[in-house]
Amino acid sequence: MEHAFSLFIRSIFADNMVFAFFLGMCSFLAVSKNVKTSLGLGAAVTFVLLITLPINYLLQKYILSPMELNYLSFILFIAVIAAIVQLVEMIVEKYSPSLYASLGIFLPLIAVNCAIMGGSLFMQQRILLEPENVKAITSFGDSVIYALGSGIGWLIAICCLAAIREKMEYNDVPKPLQGLGITFIEVGLMALAFMCFSGLNI
Amino acid sequence: MALSQKTKETLLGPLNTNNPIVVQVLGICSALAVTVQLKPALVMSISVTIIVALANVIVSLIRNTIPMRIRIIVQLVVVAALVTLVSEVLKAFAYDVAMQLSVYIGLIITNCILMGRLEAFAMTNKVWDSFLDGLGNGLGYSIILVVVAFVRELFGSGTLFGIRIIPESWYVANGGFYENCGLMVMPAMALILVACVIWFHRSINKESK
């Protein structure tokens, strides 16, 4: 229980997908223009992580590593992710057309979001760690918690950036820095702030 | 062989005016994460360039047979197969660099440059053009990576390719006056350096934006 809690908090703050590993940066920068869509995308990423990561955990633990097929992991993981995203898209379209309309274009793009694939690849590394290590993922429950924590971390990051960008609309930024340039600096400063959490030990 | 104007544009455009990182904003994730030192950055650039060029060629060859609805999955499988090959080769011949790059080799699969170029170029163009486009974009990506890694390694640890540039005797520990800029090694600095590159690039290419 203690381990699970520690893993959860660490994956939100200290091992934040965006600020510690730069994962999911492309959609992070492209979509964070306003808080509402960011929230939708963040929720969708969390949801997809929550489904794909435990599935990939089971694949890795019971199929890939006993049969020594580790070199197939890239293809298998990405196939699972692409298939699940397609499935989620179809289900959402059928049962909640309003949510589908608001997420619309972002849903298929989640398949190529590095945060999803990155989560699975980190999980693959962390299975090998000692169970005492705070980062270790040793059970199915751990993989669910890691997925949830990483997703929430990503959601917090994108919402914060969107809020800052909404405020920045009215500021006078030097011309060549406008848009992309200043956004990078904002993310850099946020990453500096998030570094404070890296000493966090529970 | 003389290059025609269009070919030249396809190959050299991405190096400057249409750079994948600073103009198209693609492939940021790996660009930031692997630039602490020059060596992994260079290995990463070479891998990405090869994979983009080959993936472009393969997708361009089969572009007329891919059904529209599942094209993303087909593209992903092509890319994943290439990345697996590159990853196995790196593990065999450059094990320490492969360990340093860890998950970021696998993440080439979800590198937006690949999907972006496949969707925007290879799906609608001939094989040779696609090859040049892939090569150009890979090199454009490499330039930024090498520039950022150069600055970060030089100021962050005083070395280039692991060879000491700033003499040991300059350091405070040895009675000198110099100290490494620890901030350069932190992830945050990569973002700010890329911002500076964008700033520089936009101020000299005013007409493009």
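The values are calculated or read from the model by the stated rules, or taken from the named source; none is laboratory data. Only a predicted model underlies this, so the values are computations on that prediction, with no experimental measurement involved. No Cβ is skipped: glycine too gets one built from the backbone with ideal geometry, and neighbour counts run over all protein chains shown. The area values use the complete protein model at the heavy-atom level, side chains included, leaving out ligands, DNA and RNA. Shrake-Rupley method; radii C 1.70, N 1.55, O 1.52, S 1.80 Å.
Of all residues in the range A:40-78, those that are within 13 Å of chain B (Cβ to nearest Cβ) and not in a helix (DSSP H, G or I) total 1.
Within the range A:1-39, the set of residues being aromatic (Phe, Trp, Tyr), within 14 Å of another protein chain (Cβ to nearest Cβ) and part of a helix (DSSP H, G or I) comprises A:Phe28 only.
Close contacts from the range B:85-107, counting a first residue that is within 16 Å of B:Leu42 (Cα to Cα) and a second that is of a type in the set (S, T, N, Q) and at pLDDT 80 or above, with Cβ to Cβ under 6 Å and a gap of 6+ residues or different chains, come to B:Val86/B:Ser47; B:Ile105/B:Ser87. When A:Glu130, A:Glu169, A:Glu186 are screened for being of a type in the set (D, E, K, R), farther than 22 Å from A:Lys36 by Cα and without any contact (Cβ under 8 Å) to a residue 40 or more places away in the chain, only A:Glu130 passes. Away from chain B (no Cβ under 14 Å), touching a helix residue (DSSP H, G or I) at 6+ places or on another chain (Cβ under 8 Å), open to solvent by less than 60 Å² (accessible area, probe 1.4 Å) and not small (Gly, Ala, Ser), is that true of A:Ile156? The answer is yes for A:Ile156. Among the residues here, B:Val74 qualifies as under 20 Å from A:Asn113 (Cβ atoms), surrounded by fewer than 19 Cβ atoms within 10 Å (Cβ to Cβ) and modelled with pLDDT of 80 or more. In summary, helices (runs of 4 or more DSSP H) completely within the range A:83-202 and bearing 2 or more residues that are of a type in the set (Lys, Arg) and either under 20 Å from the mean Cα position of the chain (by Cα) or under 30 Å from B:Leu183 (Cα atoms) (or both) occur at A:140-168.
Here's a check for you: in the range B:135-194, which residue that is of a type in the set (D, E, K, R) and part of a helix (DSSP H, G or I) is nearest to the other protein chains (Cβ to nearest Cβ)? The residue in question is B:Arg152. Among the residues of the range B:16-43, those that are in contact with a Gly (Cβ under 9 Å, 6 or more places away or on another chain) and closer than 13 Å to B:Val146 by Cα comprise B:Ile21, B:Val36, B:Gln37, B:Leu38, B:Lys39.
Of all residues being buried (at least 24 other Cβ atoms within 10 Å of the Cβ) and of a type in the set (A, V, I, L, M) in the range A:8-39, which is nearest to A:Gly141 (Cα to Cα)? Just the residue, please. Going through the qualifying residues, I end up with A:Met17.
Counting residues in the range B:22-44 that are at pLDDT below 85, within 23 Å of A:Leu76 (Cβ to Cβ) and not polar (S, T, N, Q) gives one or more. The residue of the range B:106-153 that is surrounded by the fewest Cβ atoms within 10 Å (Cβ to Cβ), among those that are among the aliphatic types (A, V, I, L, M), more than 20 Å from B:Leu61 (Cβ to Cβ) and at pLDDT below 85, is B:Leu107. Does B:Thr35 meet the test of being surrounded by fewer than 18 Cβ atoms within 10 Å (Cβ to Cβ), in contact (Cβ under 8 Å) with a residue 24 or more places away in the chain and not in a helix (DSSP H, G or I)? So B:Thr35 does not fit the description; no.
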